[in-house]
1. Can you go through LYS20, LYS45 and tell me which one is out of contact with any strand residue (DSSP E or B) (no Cβ under 8 Å at 6 or more places or on another chain), closer than 24 Å to ASP88 by Cα and in a helix (DSSP H, G or I)?
2. Do we find a residue being of a type outside the set (A, V, I, L, M, F, W, C), in contact (Cβ under 8 Å) with a residue 12 or more places away in the chain, buried (at least 18 other Cβ atoms within 10 Å of the Cβ) and touching a His at 6+ places or on another chain (Cβ under 6 Å) anywhere in the range 206-225?
3. With LYS280, LYS312 as the choices, which residue is assigned by TED's automatic domain parsing to the domain that holds THR391, of a type in the set (Lys, Arg) and touching a residue at least 40 places away in the same chain (Cβ under 8 Å)?
4. Which condition from (1) farther than 30 Å from THR236 by Cα; (2) touching a residue at least 40 places away in the same chain (Cβ under 8 Å); (3) charged (D, E, K, R) is the one that GLU287 breaks?
5. Do we have HIS98 as touching a residue at least 24 places away in the same chain (Cβ under 8 Å), within 19 Å of ASN202 (Cα to Cα) and within 19 Å of the chain's Cα centre (by Cα) here?
6. If we keep just the residues of the range 1-40 that are over 25 Å from ILE73 (Cα atoms), of a type outside the set (Asp, Glu) and over 23 Å from the mean Cα position of the chain (by Cα), which is surrounded by the fewest Cβ atoms within 10 Å (Cβ to Cβ)?
7. Which residues, taken from the range 258-310, are among the aromatic types (Phe, Trp, Tyr) and in a loop (DSSP other than H, G, I, E, B)?
Amino acid sequence: MNLFVIAQFGQLIHNEALIKRDKLEKNKLIILYTSANILVPEKIKNEVDSRLFSEIEMVEIPLSPNSIDIENINVIFKTYKRILKGVDDLYISSFERHYNILHEVALRKKIRTHLVEEGLGTYKFASNEFSFTPPSRKDSLVRALNKSGLSSNKYFPIIKSIRTWILDTLSLPKQLFKALLEIKNSEFKNYKKLELFSDERNGFLGYAKNFHSINLAYPEAVSNVFESKESKILNTYSSYESNVEITSLITKYDIRESDSLYLSQVFQITSVYYADAVIKIIKDELEKSEGRFFIKFHPKDKIVFIDKIKEKVLELGLSDRIIIISESDFPIEAIIKESKFERIIAISSTALVYAKQLSESTECVSITNTLISRLGSNCPVKTRKLMLEHTEMLSIFPHIEFK
């Protein structure tokens, strides 16, 4: 039996493409979820091509499965041993933390393991070596004090009033007891215990490296990251069939090969500054082209940001050349495949990675540096760091231009 383990919709698309490519049969799908979010896995289940799987199972794992918690890791370990019964081949798209426990258990059971494209995250160790940063005693102590509520107790800064003094006096014993429990079960303490484990649970501290096969859009890009007997190119969107009627969308907006596309991404930047910088960049790009520029928003873009974009387009009198695609909840790759845009620009969208497979003539451009420059002090330090880290992952793809 072939077992496919996923937790995201994007992973489903890639895994289904692999099944179609290799004409696999006797396939079972596991959809992992936590109690914090049961809507997403249900949506994923509704999108599954039931013709490709003989069985679909929703499997719950503990909350915060990537945190170092021995109790949670033990539950996950037991769960993964159960779901691997009767499995010949295991297909996974994630390869760190608890997924490496799954991988290690599979190897121990002599199950062939296969890595399947996930997205940009698949290539992150190609530009930055893997390293596991263990939790510090200090950070664990601070986290314990925060979780217990003790750090907000008025005894910490100063007694401000009789009322708060009385309330905090009453709650202090309970908070002290809870803080001691949190410290006892802190990530630092759990990490020290986990280091001593000699079984597959220790895999939580590493990443899955050895596979029977890796199936990626650009397997050569991670030749120094993973080891495998077989390395295969997976061109996911060559066979992808969207539930959205792509042809009608292209007709609706009259998208042509001379047109370009901007793919929005969600970052913590004040909407008015973010929108202003984006539209000015698009305006500059329009001067190099005779076509129009389409904007596809991310499903999680804030309404206020979308409104500011629309305002800037009207303000600059560019409504005839900058067109907003009102639909957002569909894979843009499907449209790229059909419309063959002249140019695609984004910060670090995964579509920049796949676009060349779908349209050889399309130029792919990361605008991170220009955007950060235009934002200046309006781009928070943490956001700038995150944007640059994501963009660095794109540096291994020669077809992407950086501006």
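The values are calculated or read from the model by the stated rules, or taken from the named source; none is laboratory data. Just so it is clear, the structure is predicted and the values come from calculations on it, not from any experiment. Neighbour counts run over all protein chains shown; Cβ positions are idealised from the backbone, glycine included.
1. Working: LYS45 fails: out of contact with any strand residue (DSSP E or B) (no Cβ under 8 Å at 6 or more places or on another chain).
Among LYS20, LYS45, only LYS20 is out of contact with any strand residue (DSSP E or B) (no Cβ under 8 Å at 6 or more places or on another chain), closer than 24 Å to ASP88 by Cα and in a helix (DSSP H, G or I).
2. yes
3. Just one listed residue meets the conditions, LYS280.
4. With respect to (1) farther than 30 Å from THR236 by Cα; (2) touching a residue at least 40 places away in the same chain (Cβ under 8 Å); (3) charged (D, E, K, R), GLU287 is out only on (2).
5. Values: touching a residue at least 24 places away in the same chain (Cβ under 8 Å): yes; within 19 Å of ASN202 (Cα to Cα): yes; within 19 Å of the chain's Cα centre (by Cα): yes.
Yes; evaluated as a whole, the condition is true for this residue.
6. LYS23
7. Let us first name the residues in the range 258-310 that are among the aromatic types (Phe, Trp, Tyr), namely 262, 267, 273-274, 293-294, 297, 305.
Once the filter is applied, which keeps residues that are among the aromatic types (Phe, Trp, Tyr) and in a loop (DSSP other than H, G, I, E, B), the range 258-310 yields PHE267, PHE297.
Quick grid of which residues meet (1) closer than 23 Å to GLY10 by Cα; (2) touching a Phe, Trp or Tyr at 6+ places or on another chain (Cβ under 9 Å):
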{"residue": "PRO219", "(1), (2)": "yes, yes"}
{"residue": "SER231", "(1), (2)": "yes, no"}
{"residue": "LEU234", "(1), (2)": "yes, no"}
{"residue": "GLU245", "(1), (2)": "yes, no"}
{"residue": "VAL266", "(1), (2)": "yes, yes"}
{"residue": "ILE269", "(1), (2)": "no, yes"}
